[in-house]
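Below is one structure, written out as structure tokens; the observations come after it.
Values in this text are rule-based calculations from the coordinates and carry no lab data. This is a predicted model, so every value here is computed, not measured. Cβ placement follows ideal geometry from the backbone for every residue including glycine, while neighbour counts extend to all protein chains displayed.
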Amino acid sequence: METTVRETIKNTTKKHLKENNGLLFGQCLSAVGWVGGTVPELTEKDGLVELSMADVANGGIVAGAGLSKRRPIYVIRYQGFNWFNASIILNYACKSKEIWDVPCPIFIRGIAMEGSIGPVAGSSQHSIYFKMPGIKIISPMTPKEYLIAYNDFMKNDDVMYVSEHRGSYGNSEELNDSIADDLDLVLFPISITRFEAQKAKKQLEKEGYKIGIANILWIKPFHIKKEWEKAVIKSKFGGIVLDDDFTQGVASNLAYELMKKTKKNFEVMGLKNKSAGFSKDTDNLPPSYKDIISKCKEIIKKKK
Amino acid sequence: MNEKFFRLKTFEKASYCRYFEEEVIKNLKNKNIKIPTYVSAGQEFIAASIATICEDLKIKPWIFGQHRCHSIYISFGGDKIKLIDELLGRKTGCTRGMGGSASIASKEIKMFGHDGLMGSNGPIGVGACFATNHPTIVFMGDAAAEEDYVLGGLGWASTKNIPLITVVEDNNLSILTEKKVRRNWEMSDVAKSFKMEGYNLNDDPIDLLKHSETFFKKPCLLNVNTNRIYWHAGSGMDGDKTFDRYQEQKKKLGEEAIEIDKRVKNEIEILWKQQLEKQ
Ligand SMILES: Cc1ncc(C[n+]2csc(CCOP(=O)(O)OP(=O)(O)O)c2C)c(N)n1
């Protein structure tokens with residue numbers, strides 16, 4: 001059986017605790033499901049540490065642990081909890097190296113999911129971190145990408161926000177870019193929208209459209225690959241940045257960078273500017289493949 | 001530890017802190033120092049006593065102070081020249097001019113910087129202490145202690161039984177708002193309710209020594225009542241009636257203290273003069 005993202009996280013974490021004297025902090029880690037099966041069934045003796053429910057303080061406790069040589073991993077079960085957890089991490093851990101020359105590396109596992117879970121627990125919140133200095137943001141959706149994130153963390157001494165999505169945990173396949181010189185549009189999807197982008201591309205191609213995909217793994221620093229730039233410049237209608245967060249954060253910022261570089265038009269798709277309710281009708285979900293298809297057709301029609 | 005030795009050693013440390021701060025005041029007034037500056041004159045016996053106790057225990061703790069931290073830095077052996085340079089905004093300062101007065105740090109004495117959000121050093125100190133199991137001291141003000149995250153961190157420190165001392169330097173003021181306006185409870189009671197050792201005491205060094213038995217054996221909190229002589233920031237004074245522990249101790253200790261006072265005053269004045277002459 002191929003290794004899934006879930007198993008990759010679990011195995012990497014086990015190694016981190018058992019072989020690297022690492023720590024893993026979080027709330028209710030050992031409760032039902034061990035965080036979607038991503039946390040190894042270990043104890044505090046092994047470095048698996050249960051925190052209390054004081055979320056703001058917990059961010060501080062983990063920042064303090066970051067000052068030791070033990071490179072804490074911090075599990076934030078729903079990304080919305082970052083509104084409380086991120087304050088001391090962003091204001092202390094992320095600035096420590098620059099102000100005091102004291103690195104404070106932390107690997108923050110922010111976990112997203114969606115669908116009838118209301119205004120806090122749903123979707124990604126990586127935009128909270130985006131504007132601040134001293135942080136790297138990555139959103140791995142495949143086993144290999146997860147290892148890229150972890151290895152980069154171990155090689156350097158940065159604070160890293162890892163924007164995970166439960167929808168990727170069962171995935172064992174790599175998601176490759178598909179880029180060409182004669183595209184109508186290039187999709188730049190982030191997080192869970194990468195899977196929907198694939199579906200949308202397939203469907204649109206059946207209908208005769210030429211759609212490219214440039215997968216955004218690194219959100220910060222955001223590096224525009226040469227081949228992406230070339231494909232967009234040669235494309236007919238530019239691109240769309242797709243996100244699992246509100247559009248007025250990461251998505252708009254990356255679209256701006258892409259627009260500046262390529263002088264082509266960019267649109268953004270992500271969560272709507274409204275609070276999510278629990279019912280199906282009031283929810284606020286990331287763009288589905290159907291939404292993406294409609295948007296692509298709308299852009300192409302308008303510009304033709 | 002011999003009580004007289006302890007008193008004199010602590011007085012000497014306090015003397016360095018006091019005369020350092022007197023020079024800071026002069027240089028604030030003549031505008032050599034151009035940044036917001038938090039003077040700790042009046043409160044120096046807290047850090048001085050605890051640093052003397054740590055030296056006697058042969059423990060070099062990790063230290064987490066907040067904005068009013070010159071006395072902590074000096075008492076635990078921080079390089080005074082580097083602090084002068086820091087306050088003057090020089091690259092040779094203890095945090096290369098980045099930290100100013102409020103966010104000083106020193107790798108040599110394991111003093112970690114403060115981010116400017118009061119009380120954040122509470123949970124940060126708890127996390128560092130837990131991860132290393134190394135003796136750790138968190139110093140904060142009576143206002144910072146009210147931050148929700150300080151309380152959350154303290155509760156967890158008690159649960160994990162870590163070698164942490166939390167020192168609340170209780171000068172009764174949050175900028176100028178008195179404690180009784182802000183709350184009707186004491187931090188020592190909060191500590192006790194978290195099932196850790198909690199004490200409410202004065203900044204008399206002997207009082208601090210008496211409460212040091214459990215230091216680093218289990219988590220404890222000392223709420224130490226003290227007095228801030230100068231304004232929250234800057235060089236102004238609210239009046240000259242503030243009780244001054246330094247003068248009280250000098251009088252109590254007599255000749256030997258007067259000698260120390262004179263020697264240290266001279267030494268610190270020369271140190272500042274020399275640093276100011278360097279460009
Ligand atoms: C989170 C946060 N809230 C408010 C402030 C503004 N502030 C700076 S110092 C201060 C009072 C601090 O009083 P205390 O903690 O007792 O220390 P002291 O100044 O008396 O030494 C306040 C309210 C701040 N720096 N951080």
Compactness check, chain B: C-alpha Rg relative to the 2.2 N^0.38 Å globular estimate gives 0.95
Inter-label distance for A:Glu2 and A:Ser116, nm, one decimal - labels placed 7 Å from Cα along Cα-to-Cβ: 3.0 nm
Rounded to whole Å and sorted largest first, list the principal axis extents of the Cα atoms in segment B:130-255. 44, 38, 25
Please work out the FRET efficiency for the pair A:His223 and B:Asn161, using the Cβ-Cβ distance as r and a Förster radius of 56 Å; give the result to the nearest 0.05. 0.75
So how tilted is helix B:44-57 from the main axis of chain B? Cα-based, degrees 0 to 90, rounded to 10. 70 degrees
Difference of contour (0.36 nm per residue) and Cα-Cα distance, B:Asn227 to B:Lys252: 7.2 nm
What is the diffusion coefficient of segment A:61-166 in µm²/s, taking the Kirkwood radius over Cα pairs and the Stokes-Einstein relation at 10 °C with a viscosity of 1.306 mPa s? 115 µm²/s
Extension gain, B:Lys107 back to B:Asn202 (0.36 nm per residue minus Cα-Cα distance, nm): 31.2 nm
If you wrap a convex hull around the Cα atoms of segment B:63-110, how much volume per residue is inside, in Å³? 58 Å³
For A:Asn273 and A:Lys199, what does the FRET efficiency come to when R0 = 41 Å and r is the distance between their Cβ atoms, rounded to the nearest 0.05? 0.95
For segment B:185-279, radius of gyration divided by Kirkwood radius, i.e. Rg to Rh on alpha-carbons: 1.10
Quick note on B:Trp62, A:Trp100, ordering by fewest other C-beta atoms within 10 Å, gives B:Trp62, A:Trp100
Under a crude label model (7 Å from the Cα following the beta-carbon direction), how far is A:Ser172 from B:Glu22 in nanometres? 7.7 nm
Proximal charge balance of A:Pro72 [Cβ under 14 Å; K/R count +1, D/E count -1]: -1
In whole µm²/s, the translational diffusion coefficient that Stokes-Einstein assigns to segment A:185-303, given a Kirkwood hydrodynamic radius over C-alpha pairs, 37 °C and 0.692 mPa s, equals 227 µm²/s
Taking chain A, the whole-percent share of alpha-carbon pairs separated by over 36 angstrom is 17 percent
With N denoting the number of residues in segment B:1-110, provide Rg(C-alpha) divided by 2.2 N^0.38 Å, to two decimal places. 1.05
Percent of alpha carbon pairs in segment B:117-184 separated by more than 19 Å? 32 percent
Set Lys and Arg Cβ to +1 and Asp and Glu Cβ to -1, take the dipole of chain B about its Cα centre, and tell me which of B:Ile59, B:Gly113, B:Leu253 lies farthest positive. B:Gly113
The base-10 log of I(q)/I(0) that the Debye equation returns for the protein assembly as shown at q = 0.06, 0.10, 0.11 Å⁻¹, one scatterer per C-alpha, is -0.38, -0.87, -0.98
Could you tell me how many degrees, from 0 to 90 and to the nearest 10, lie between the Cα long axis of helix B:121-132 and the main elongation axis, the longest principal axis, of the Cα atoms of chain B? 70 degrees
